[in-house]
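Note sheet for the following structure.
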Amino acid sequence: MFRFDVDAADAAPRAALEGGHWVYIGTYSGAKSRGIYRSRFDPGTGRLDAPELAAEAQNPSFLAVHPQGPTLYAAERPLLYAVNELGTGSVSAYAVDRATGSLRLLNRQSSRGAGPCHLSVDRAGRHVLVANYGGGSVAVLPIEADGRLGEAKAFIQHTGSSVKPQRQQGPHAHWISTDPSNRFVLVCDLGLDKVLLYRFDADNGTLQPHDPAYAPLTPGSGPRHLAFHPNGRWAYVINELSNTITAFRWDGGRGALDPIQTAASLPPDFAGRNTTAEIAIHPSGRFLYGSNRGHDSLVVLGVAGETGALILVQHQPAGGRTPRHFAIDPTGRWLVVAHQDSDTVTVMRIDAGTGRLTPTGQRIEVGRPVCLEFVPVR
């Protein structure tokens, strides 16, 4: 069995076990969902309490938590465009009551484009970065002192296309975040088969052209999300259309991605339809996880310590249909999965030595869950 050396059975901070966490659940609104839900999570047992509505919202499909303060941000769009992610959208700011888990709307700002599908907070906690899938654009919104959002300070419209006309007839920005130094912004554009690179001014919230302007993916890959390794030297892109994961070396000095390897997310004998979705690195840096929609599984890959290369560990049934998103809890013991088409959220145990996943039987029902975020209980 593939196994990594570990110094202890659980290297997570003990503080993460005290009081537990709120899990905030972004959803597609409809008959079974009215917005953002919350569930209290016990990191000692992996238990999720019954979910409760935290804030009414229209399709709060992706969430991000401020790194220094109790504020949550959500990418939202009109109900009419729940499925195809079109329609001009917005980014909303919510104050988090960490004692009760309730959310209070602070304000909303335009995302400056159609169908926002991903957002993040820069590492200084001063700006929200948003990717507009439908419009193929990105924007940067300043965060005020009280957590409210100002009007966008930067906006960039992508142009171009790639080889799969049904999904790549134009640009589709699908993920945006800063690099570990907060000097560069990276954008996965599914429609262009590129990870675009920009220089980021963290004081002013502006984006400038960079050289190199992008890292190319194999035509037809459809890069969806990216995860940096904790060491800051490697980055991994999950490719929605080709069902692969591409490993890169990240040169933080010159702001460049250099390819290492591309690994399959599916077993070689699977012949059905599938698209990948989320990607995450374990806090230890030893394991990478990705989700398959169609095969309805989670792929577990080991990360080689010297090179960053990937080694297959496991394909674990996800426990529901269409695992759109998942999140690893702050202790590194549990992986929580949002099943969009089963209307469920489930919990898996992570083996500290091998990275393998085991279902716990923990399950709650939430209508069309598509994103999960942890916030410590006060």
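The values are calculated or read from the model by the stated rules, or taken from the named source; none is laboratory data. Bear in mind that the values here come from a model prediction, so they are computed numbers and not experimental data. All Cβ positions, even for glycine, are placed from backbone atoms using ideal geometry, and neighbour counts span all protein chains on display.
Just to be sure before I move on: is residue 85 surrounded by 18 or more Cβ atoms within 10 Å (Cβ to Cβ), over 28 Å from residue 202 (Cβ atoms), at pLDDT below 95 and not aliphatic (A, V, I, L, M) in the structure I sent?
Numbers: surrounded by 18 or more Cβ atoms within 10 Å (Cβ to Cβ): yes; over 28 Å from residue 202 (Cβ atoms): yes; at pLDDT below 95: yes; not aliphatic (A, V, I, L, M): yes.
In short, yes.
Any chance the stretch 301-310 includes a residue that's closer than 22 Å to residue 372 by Cα, in a strand (DSSP E or B) and under 17 Å from the mean Cα position of the chain (by Cα)?
no
Which members of the stretch 360-375 meet the condition of being buried (at least 16 other Cβ atoms within 10 Å of the Cβ) and either part of a strand (DSSP E or B) or touching a Pro at 6+ places or on another chain (Cβ under 8 Å) (or both)?
Answer for the stretch 360-375, where residues must be buried (at least 16 other Cβ atoms within 10 Å of the Cβ) and either part of a strand (DSSP E or B) or touching a Pro at 6+ places or on another chain (Cβ under 8 Å) (or both): 360, 362, 363, 364, 366, 369, 370, 371, 372, 373, 374, 375.
Among the residues of the stretch 105-120, which ones are over 22 Å from residue 190 (Cβ atoms) and either hydrophobic (A, V, I, L, M, F, W, C) or free of Cβ contacts under 8 Å to residues at least 24 places away in the same chain (or both)?
Once the filter is applied, which keeps residues that are over 22 Å from residue 190 (Cβ atoms) and either hydrophobic (A, V, I, L, M, F, W, C) or free of Cβ contacts under 8 Å to residues at least 24 places away in the same chain (or both), the stretch 105-120 yields 105, 106.
Can you tell me which condition residue 240 does not meet? The list is (1) more than 17 Å from residue 291 (Cα to Cα); (2) out of contact with any Pro (no Cβ under 7 Å at 6 or more places or on another chain), and all the others hold.
Of everything listed in (1) more than 17 Å from residue 291 (Cα to Cα); (2) out of contact with any Pro (no Cβ under 7 Å at 6 or more places or on another chain), residue 240 misses just condition (1).
Report whether or not residue 104 is assigned to a loop (DSSP other than H, G, I, E, B), among the basic types (Lys, Arg) and more than 21 Å from the chain's Cα centre (by Cα). Working first, answer last.
Numbers: assigned to a loop (DSSP other than H, G, I, E, B): no; among the basic types (Lys, Arg): yes; more than 21 Å from the chain's Cα centre (by Cα): yes.
No: the conditions fail for residue 104.
Condition first: touching a residue at least 40 places away in the same chain (Cβ under 8 Å) and either assigned to a loop (DSSP other than H, G, I, E, B) or of a type in the set (A, V, I, L, M, F, W, C) (or both). Now tell me which residues in the stretch 265-277 satisfy that.
266, 267, 277, listed by residue number.
Name the residues in the stretch 131-145 that are in a loop (DSSP other than H, G, I, E, B) and closer than 16 Å to residue 226 by Cα, would you? Step through it out loud before you land on a result.
First, the residues of the stretch 131-145 that are in a loop (DSSP other than H, G, I, E, B): 133-136, 144-145.
Once the filter is applied, which keeps residues that are in a loop (DSSP other than H, G, I, E, B) and closer than 16 Å to residue 226 by Cα, the stretch 131-145 yields only 133.
Out of all the residues in the stretch 256-268, is one or more modelled with pLDDT of 95 or more, of a type in the set (D, E, K, R) and either farther than 26 Å from residue 163 by Cβ or crowded, with 18+ Cβ neighbours inside 10 Å (or both)?
No, the stretch 256-268 has no match at all.
If a residue must be buried (at least 24 other Cβ atoms within 10 Å of the Cβ) and either in contact with a Lys or Arg (Cβ under 9 Å, 6 or more places away or on another chain) or of a type outside the set (Gly, Ala, Ser) (or both), how many such residues does the stretch 208-224 contain?
4
Quick check on the stretch 170-177. Is at least one of its residues over 23 Å from residue 244 (Cα atoms) and not basic (Lys, Arg)?
No - not one qualifying residue is present in the stretch 170-177.
Being of a type in the set (Lys, Arg) and part of a strand (DSSP E or B) is the filter; apply it to the stretch 319-353 and report the residue that is farthest from residue 27 (Cα to Cα).
Only one residue fits best here, namely 349.
Starting from the stretch 37-64, take each residue that is closer than 22 Å to residue 19 by Cα and list its partners that are among the hydroxyl-bearing types (Ser, Thr, Tyr) and surrounded by fewer than 22 Cβ atoms within 10 Å (Cβ to Cβ), counting only C-beta distances under 8 angstrom and pairs at least six apart or across chains.
From residues that are closer than 22 Å to residue 19 by Cα, the pairs are 38/102; 43/331; 46/360; 54/102; 64/120.
Count, please, the residues in the stretch 155-173 that happen to be buried (at least 23 other Cβ atoms within 10 Å of the Cβ) and either of a type in the set (Ser, Thr, Tyr) or assigned to a strand (DSSP E or B) (or both).
Within the stretch 155-173, residues that are buried (at least 23 other Cβ atoms within 10 Å of the Cβ) and either of a type in the set (Ser, Thr, Tyr) or assigned to a strand (DSSP E or B) (or both) number 2.
Quick one: which residue in 152, 74, 124 is part of a strand (DSSP E or B), in contact (Cβ under 8 Å) with a residue 40 or more places away in the chain and either in contact with a helix residue (DSSP H, G or I) (Cβ under 7 Å, 6 or more places away or on another chain) or among the hydrophobic types (A, V, I, L, M, F, W, C) (or both)? Show your work before the answer.
On the way: 152 fails: part of a strand (DSSP E or B); 124 fails: part of a strand (DSSP E or B).
The match here is 74.
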